[in-house]
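Structure, as C-alpha cells:
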Amino acid sequence: MADSGGGPKPQAGEAATWGVQTQGIRAADWRSDVGEHSAAIYATSSFTFASAEEAAARFAGESEGPIYSRFTNPTVSAFEARLAALEGGTHCVATASGMAAIMSTCFALLSAGDHLLAAEGLFGSTTGFLCNHLARFGIDITLVDPADTQAWEQAMRPQTRMLLVESPTNPLCELADIAALARIAHEGGATLVVDNCFCTPALQKPLALGADLVIHSATKFLDGQGRCVGGAVVGDAQRVGEQVFGFMRSAGPCLSPFNAWVFLKGLETLDLRMRAHSASAAHLAAWLERQPGVERVYYTGLESHPQHALACRQQSGHGAIVAFELEGGSARAFRFVNALRLASITANLGDTRTTVTHPASTTHYRIGAQARAQAGISDSLLRLSIGLEDVADLEADLDQALAASQA
Ligand SMILES: *Cc1c(COP(=O)(O)O)cnc(C)c1O
C-alpha cells in the first residue's frame, strides 16, 4: 500500500500520539497509485505476481504483499491498522463477525486441558459458543460475576489461560474492573480479553488499563449505521499477529473488503458519534429516572449506578445503552414497545437510529426463565440503544409511549 498519492505522510508511529478523532480519520489513510482521497475497495479474491520468482518469494514470506484475500486484503488491512491505532495495539485481525472474533481468539489461544474464566451475563451467543461448542474441545469453563473482582481471584487455577469479560455488560450495564482483572490474569500467567463493544476505543481503552486483547463486534458502533456484520481482535504481535492471524488464515472467518470499507469509513466519525450517543443517553437516562412508573434505570452515567465511580475511572463516557424497568411486567413492557413511534424494534444496537428490545422475550429468551432470573433480566426490563436523532424528539417519543402504555 504505497502512499504515492500526495496525502499526508505521517512518520512511523506518529498515529500513536494523535487524539482519537485524528486517529479515526488519518491512521492508515492509505492511497494507491491513482491517489484516491477516500479509501478504495479492493474487491478481489487473489493478487497477481510479476513473475514465478516473485510468487515463490511471497509464499515463502520473503517479499511483502498480498496473496489471497482470506489471508490479507488492502482494504481489510487499512481497517485493521486504523482500529489498532485507536485501541493502542500493535496488531489487529478483522473477522467476518464479532462471534468470529471471539471464536478465533479462543481457538488460537486455548488448547484441550486449559481453563477459561468467562463473565456471567456475556452476550448470549458468546456464552452459547463457550458452553455448547468450545467446551466440547476439552476446555473447562467457569462463569464468574463480572463485578465481583474477588470471585475472579478465587476462581483462578494453575490451568487458567484466559479471562474473558465485557464491560459494560448487555443489557444491565454492569462493569468489570479491567485493571484489577488484568493484575489477576497476569499473576496467573493468563490473558485478559475484553469485549469493548459498548464503549469502543472512543470511550474506553482496555489495553491501556492492562488488558491484553480487545474484541469487537464491528457490527455495532464501529459501523454505527446498522449496515454490515463484522468483527476484530486487537493486541500484540505474538497473540494477535501470529496466533489469531494464523488461525484466521487457516480456518477462514475473514472479513469481506466491502464490509471492511464500511467500517473504515465508520471509524472516521466514531468519536463524534460516541460523544453524541453518550450525551443523549445521559439526558434520557436521567429523564427516565424521574418518570412515574419507571422502577429502575441502568446506566453507568447515573449516580444511582452502583459502579458509577468505577465507570468514571475507566471510561471517558457512558455510551448509548440504557436499560430500565417499567412497573406492570411484560404486558406493560410490550404495550410500551408497541407505542413507540421513532424507536425501531430490532435486536441490533449501536445504530444512528434508536432501537428498543425486550430482552426477556428476545435476546435472552433462549437461556430460560431460571437463568434470566439469576442474571437479573426481569420481564419488565427494556433496553434502549439511543441513536442520534434529536434528543427532544426521542424524549417526546418515550413520553407518549409511557402514557399510552398505562393500563
Ligand atoms: C453483537 C455482539 C457480539 C457478536 O457480534 P456479531 O457481530 O453479531 O457476531 C459480541 N459481543 C457483544 C457485546 C455484542 O453486542
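Readers should treat all values here as calculations from the given coordinates under stated rules, not as data from a laboratory. What you see is a predicted model; the values in this text were computed from it and never measured. Using ideal geometry, Cβ is built from the backbone for each residue, glycine included, and neighbour counts are taken over all protein chains shown.
By DSSP, the beta bridges lying fully in the chain are antiparallel in about 55 percent of cases. For segment 270-405, the normalised intensity computed at q = 0.16 Å⁻¹ comes to -0.80 (log10 of I(q)/I(0), Debye sum over alpha carbons, equal scatterers, no solvent).
Rounded to the nearest 20, the size of the Cβ-charge dipole of segment 119-227 about its Cα centre is 360 debye, with Lys and Arg at +1 and Asp and Glu at -1. Here the peptides 304-316, 18-30 are ranked by packing, the mean other Cβ count within 10 Å, and the order with the highest first is 18-30, 304-316. Just going by the charge dipole of the chain, with Lys and Arg at +1 and Asp and Glu at -1 on Cβ, which of THR72, GLY13, LEU382 is farthest out on the positive end? My answer, from the dipole projection, is LEU382. Phi angles across segment 291-299 convert, under the Karplus curve 6.51 cos²θ - 1.76 cosθ + 1.60 with θ = phi - 60°, into 3J(HN,Hα) values of 8, x, x, 8, 7, 7, 10, 10, 7 Hz, Gly and Pro given as x. Each principal axis of the Cα atoms in the chain has its own extent, and those three values, largest first, are 76, 50, 34 angstrom.
A cut-off of 5 Å between modelled amide H atoms, ignoring neighbours fewer than 5 places along the same chain, links ALA323 with TYR298, LEU384. Near GLY113, once Lys and Arg are set to +1 and Asp and Glu to -1 for all other residues with Cβ below 12 Å from its Cβ, the sum equals 0. Against the chain, whose longest principal axis is taken from its Cα atoms, helix 74-87 shows a tilt of about 60°.
Under the convention that each Lys and Arg Cβ holds +1 and each Asp and Glu Cβ holds -1, the size of the dipole of segment 189-282 around its Cα centre is about 240 debye.
For segment 184-230, the alpha carbon convex hull comes to 61 Å³ per residue, rounded to a whole number. A Cβ-based charge dipole, computed about the Cα centre of segment 1-136 with Lys and Arg at +1 and Asp and Glu at -1, lands at about 300 debye.
When a/c is below 1.5 the answer is rounded, else prolate if a/b is larger than b/c, else oblate, so apply that to segment 1-124 with a ≥ b ≥ c taken from the square roots of the Cα gyration tensor eigenvalues. Cα axes put segment 1-124 in the oblate bin. Taking a virtual spin label 7 Å from the Cα of ASP236 along the C-beta vector, which residues in segment 68-96 bring their backbone nitrogen under 11 Å of it? Output list for this probe position: 90. Label point of THR142 set 7 angstrom out along Cα-Cβ; within segment 153-187, amide nitrogens under 18 Å from it belong to 153-166, 177, 180-187. Couplings for segment 42-55, taken from phi via the Karplus curve 6.51 cos²θ - 1.76 cosθ + 1.60 with θ = phi - 60°, read 8, 8, 8, 7, 9, 10, 9, 10, 5, 7, 4, 5, 5, 4 Hz in order; Gly and Pro are left as x.
Ranked by the mean number of other Cβ atoms within 10 Å of their residues, highest first, the peptides 40-46, 224-230 fall in the order 224-230, 40-46.
Over segment 342-407, the hull volume per residue, using the convex hull of the C-alpha atoms, is 91 Å³. The 3J(HN,Hα) values that the Karplus relation (6.51, -1.76, 1.60; θ = phi - 60°) gives for segment 258-275 are, in residue order, 5, 5, 4, 5, 4, 5, 4, 5, x, 5, 5, 10, 4, 5, 4, 5, 5, 5 Hz. Gly and Pro appear as x.
Annotation: amide H of THR191 within the under-5 Å range of MET162, LEU163, sequence separation 5 or more or interchain, hydrogens built in the peptide plane.
Here the sum of -39500 (n - 2.57) over DSSP H runs of 4 or more residues, divided by the residues of the chain, equals -10500 deg cm²/dmol at 222 nm, to the nearest 500.
The distance linking segment 272-294 with segment 168-227 is 22 Å (Cα centroid to Cα centroid, whole angstrom).
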